[in-house]
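Note sheet for the following structure.
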Amino acid sequence: VRLNHKTNVLAFKGDSRPEDVRKFFMPILDWLSDYGKHLHFLKDQVGNIKVTVDFEFEYFNSSSAKYLMDIILKIGEISDSENVTLILNWHYDEMDEDMFDSGEEFQDMLDIEFNFVKH
């Protein structure tokens, strides 16, 4: 997980199967809440802000999926601000149909547009 408020690039990559999912994901959700406030504060100073989010998982378990939904929802809330343009990239291996399908399910359930990036 890389979260950079200076470059506005957020990246989630690899495997997600933490033993204690709440302990792992809650600091990320808290950071995103603070980040949203930070962007709102900047709107009068810098104009439009482009936020790029990359999800590039090889695997995530069902417990992680719930928190990924929360993260995507929080990112969607941030992008609802008038000064934020969201680019959400869902990376997947072209041989991994399950990962592609997971991205489509998140997109459909959360009504947030994804860019699907095939590798």
Over the Cα atoms of the chain, compute the convex hull volume and normalise it per residue, giving Å³.
91 Å³
Solvent-accessible heavy-atom area per residue, rounded to whole Å², over the chain at 1.4 Å
61 Å²
Round to a whole number: what % of the accessible area of the stretch 9-94 belongs to carbon and sulfur, probe 1.4 Å?
48 percent
Amide hydrogen neighbours beyond the local backbone of residue 49, cut-off 5 Å, H modeled:
84, 85
In nm, spacing of pseudo-spin labels at residue 89 and residue 30 (7 Å Cα→C-beta vector)
3.0 nm
Label zone at residue 81, where the point sits 7 Å out along the Cα-to-Cβ direction: the stretch 1-42 residues whose backbone N lies under 11 Å:
33-42
Which helices, taking whole DSSP H runs in the chain, have alpha carbons extending 18 angstrom or more along the helix axis plus mean Kyte-Doolittle at least 1.0?
none
Choose one of 86, 4, 103: the residue whose Cα lies farthest towards the positive end of the charge dipole of the chain (beta-carbon charges +1 Lys, Arg; -1 Asp, Glu; about the Cα centre).
4
Can you tell me, using C-alpha contacts under 8 Å and at least 6 residues apart, the relative contact order of the chain as a whole percent?
27 percent
Of the DSSP beta bridges with both residues in the chain, give the percent that are antiparallel, rounding to the nearest 5.
15 percent
Could you state the number of Å between the C-alpha centres of the stretch 7-27 and the stretch 42-114?
13 Å
Test item: Cα-centred dipole of the stretch 1-111, Lys/Arg +1 and Asp/Glu -1 on Cβ, debye
840 debye
For residue 1 and residue 45 in one chain, what is 0.36 nm times their gap in residues minus the Cα-Cα distance, to one decimal in nm?
13.0 nm
Percent RCO, i.e. relative contact order, over the stretch 72-119, from Cα pairs under 8 Å lying at least 6 residues apart:
44 percent
Check each of the GluC sites (Glu not before Pro) in the stretch 25-119 and keep only those in coil by DSSP with at most 15 other C-beta atoms within 10 angstrom; list them in order.
82, 94, 113
Below 8 Å between Cα atoms, with a sequence gap of 6+, how large is the relative contact order for the stretch 36-85 in percent?
63 percent
Positive-end residue of 60, 35, 71, charge dipole of the chain with Cβ unit charges
35
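The values are calculated or read from the model by the stated rules, or taken from the named source; none is laboratory data. Values in this document were obtained by computation on a predicted structure and should not be read as measured data. Quick reminder, even Gly has a Cβ in these numbers, built from the backbone with ideal geometry, and neighbours come from all protein chains shown. For the accessible areas, the whole protein counts, side chains as well, though only heavy atoms, and no ligand, DNA or RNA atoms are used. Shrake-Rupley method; radii C 1.70, N 1.55, O 1.52, S 1.80 Å.
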